[in-house]
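Peer 1: Please find one structure pasted underneath; my questions will follow.
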Amino acid sequence: MLNYSNLFSEVTKRTKASVIRELLKLTAKPEIISFAGGLPDPKEFPVEDVKKMFDIILNKYSSAALQYGATEGCASLKTALCKWLKDVEDIDVADNQMLITSASQQALDMVARIFINPGDRIIVATPTYLGALQSFQTAGADIKGADSDDDGVIPESLEKCLEQTKEEGKQCKFVYLVPDFQNPTGVTIPQERRLKILETAKKYNTVIVEDSPYRQVRFEGEAPKTFYNLDKGQGNVITLFTFSKIFVPGFRLGYIIANEEVIRKFVVLKQAMDLCSPSILQLATAEYINGGYLEKHIKRVVEVYRKKRTAMLAALEKYMPEGVKWTRPEGGLFLWVTLPKYLDTEKMFPSAIENNVAYVVGSAFYYDGKTKNDMRLNFSYATPEEIDEGIKRLALAVKKNLK
Ligand code: PMP
């Protein structure tokens, strides 16, 4: 037998399996109510409209829809997105400041490859999105975490990390943030705090990577401006958006906006990675936006997820024992439950599975894996009735483990 271990690269050796993807296998039994995945509700996928879009674009573009496309992305989608960003976010971007990606996970992998040499310092919020940690760790980043509170990452803690990095004679390559309805906590950074964070990043000559898949899934309250918008085109922010949560994740489509010089680097890297994202899906998505379907679809899913979020908050209130805390997100797909310090959600996981309910252990979202008493709950997938039953089961597991 060939010994592959001598052949694998250093990158392959340090790539760790995603805890969530491994856990999801455990939670696939039909009797389990799972709050573990991050899946949008498939019942809301606009199947009939997607069929219609394919029909329209295959008639309109014929075989061109099935051809390779430009690495930068299809012109019709980019034009639709520039208009969308102006209308919805008041963001001005030119065509050469945007790249269509195979959704945000590809964009995160590209961010890692473009900026990180092994050992380079980056700063993330703690906790943060597991998939981003996976990409950054694969690239060999030296990750430091800034603390968060109920308003997201704390500017003073970020500044402390940046100052420490400077004292070590290093430059932080980027600060990675999920500012809107963060995965995993559901928390949004208020505008005043965003301005402070942006100023701090500028002071230390680093860039903010703003990853915002959930921004449009807002149930209530007013949206703070994006970091991209607050930066007023000065080039201190790279923003990642995706269609996964507002349209369909199966298209694997997203986009990056940044200054022209940075986008050019992303384009050249994407040439080497996959040449281009699928033309047919980009054209169908452009048609979906231009026909006004996207706007209507977002309104619909927001309504559905709002009800589910409210059902989860009510169930937590009803069933959870004293000493358990949770966030109250104004949008997105997740909320974050914090148990008393002495409890360990990894150790508690088997008793949850025994009770036929699943969550994601909070430690997966900490770059050092050290904090053990949190869990992430997804509320977009289960029905409101399942949410009530699932939280009841979860509360039983928590009570069983309480001192
Ligand atoms: N960033 C964040 C914060 C996410 O939560 C996710 C998906 N769960 C992604 C990026 C990746 O999403 P996609 O590749 O489907 O766009």
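Peer 1: Take the stretch 287-330 and flag every residue that is more than 23 Å from ASP151 (Cβ to Cβ), within 20 Å of the chain's Cα centre (by Cα) and buried (at least 18 other Cβ atoms within 10 Å of the Cβ).
Peer 2: LEU294, HIS297, VAL301, LYS308
Peer 1: Continuing with the same structure: Search the stretch 212-227 for residues that are within 18 Å of VAL153 (Cβ to Cβ) and among the aromatic types (Phe, Trp, Tyr) and pair each with any residue that is part of a loop (DSSP other than H, G, I, E, B) and away from the ligand (no atom under 15 Å from the Cβ) when their beta-carbon atoms are under 9 Å apart and the residues are at least 6 apart or on different chains.
Peer 2: PHE227/ASN236
Peer 1: Answer yes if at least one residue in the stretch 314-329 is away from the ligand (no atom under 16 Å from the Cβ), farther than 21 Å from PHE181 by Cβ and in a strand (DSSP E or B), and no otherwise.
Peer 2: No, the stretch 314-329 has no match at all.
Peer 1: Let me ask something else. With (1) touching a Leu at 6+ places or on another chain (Cβ under 8 Å); (2) under 17 Å from LEU85 (Cα atoms); (3) among the charged types (D, E, K, R) as the list, and LYS270 as the residue in question, which single condition is left unmet?
Peer 2: Unmet condition: (2).
Peer 1: If a residue has to be crowded, with 21+ Cβ neighbours inside 10 Å and of a type outside the set (Val, Ile, Thr) to count, how many in the stretch 85-96 make the cut?
Peer 2: The number of residues fulfilling the criteria is 1.
Peer 1: On to the next question. Within the stretch 331-361, can you find the residues that are polar (S, T, N, Q) and over 19 Å from ASP150 (Cα atoms)?
Peer 2: Answer for the stretch 331-361, where residues must be polar (S, T, N, Q) and over 19 Å from ASP150 (Cα atoms): THR345, SER351, ASN355, ASN356.
Peer 1: Restricted to the stretch 229-253, and to residues that are more than 8 Å from the ligand (Cβ to nearest atom) and polar (S, T, N, Q), which residue is nearest to the chain's Cα centre (by Cα)?
Peer 2: THR239
Peer 1: Could you check LYS202 against (1) more than 22 Å from PHE45 (Cα to Cα); (2) within 16 Å of the ligand (Cβ to nearest atom) and say which number it fails?
Peer 2: (2)
Peer 1: Give the residues of the stretch 234-289 that are of a type in the set (Val, Ile, Thr) and under 16 Å from SER212 (Cα atoms), sorted by residue number.
Peer 2: If the condition is that a residue be of a type in the set (Val, Ile, Thr) and under 16 Å from SER212 (Cα atoms), then VAL237, ILE238, THR239, THR242, ILE246, VAL248, ILE256, ILE257 are the ones that fit.
Peer 1: Something else now. (1) part of a helix (DSSP H, G or I); (2) surrounded by 17 or more Cβ atoms within 10 Å (Cβ to Cβ): which one isn't true of VAL268, the others all being true?
Peer 2: (2)
Peer 1: Moving to a separate point now. I'm trying to understand the selection: among the residues of the stretch 136-161, which are within 16 Å of the ligand (Cβ to nearest atom) and under 26 Å from PRO329 (Cα atoms)?
Peer 2: The answer is GLY145, SER148, GLY152, VAL153.
Peer 1: Could I ask something else about it? Within the stretch 275-284, identify whether any single residue is assigned to a loop (DSSP other than H, G, I, E, B), within 16 Å of the ligand (Cβ to nearest atom) and buried (at least 17 other Cβ atoms within 10 Å of the Cβ), and answer yes or no.
Peer 2: yes
Peer 1: All but one of (1) surrounded by 21 or more Cβ atoms within 10 Å (Cβ to Cβ); (2) out of contact with any helix residue (DSSP H, G or I) (no Cβ under 7 Å at 6 or more places or on another chain); (3) more than 30 Å from GLN282 (Cα to Cα) hold for LEU158, so report the exception by its number.
Peer 2: Checking LEU158 against (1) surrounded by 21 or more Cβ atoms within 10 Å (Cβ to Cβ); (2) out of contact with any helix residue (DSSP H, G or I) (no Cβ under 7 Å at 6 or more places or on another chain); (3) more than 30 Å from GLN282 (Cα to Cα), the one that fails is (2).
Peer 1: Which one of LEU99, LEU77, LEU85, LEU108 is in contact (Cβ under 8 Å) with a residue 24 or more places away in the chain and more than 16 Å from the ligand (Cβ to nearest atom)?
Peer 2: LEU85
Peer 1: To continue, here is another question. List the pairs whose first member sits in the stretch 173-187 and is under 12 Å from VAL237 (Cα atoms) and of a type outside the set (Asp, Glu), whose second member is within 9 Å of the ligand (Cβ to nearest atom) and part of a loop (DSSP other than H, G, I, E, B), and whose Cβ atoms are under 9 Å apart, counting only residues at least 6 apart or on separate chains?
Peer 2: Within 9 Å, the pairs are TYR176/THR128; TYR176/TYR129; LEU177/THR128; LEU177/SER212.
Where a number appears in this text, it was derived from the coordinates with a stated rule and is not lab data. Source: prediction; values computed, not measured. Positions of Cβ are generated from backbone atoms using ideal geometry, with glycine treated the same way; all protein chains shown enter the neighbour counts.
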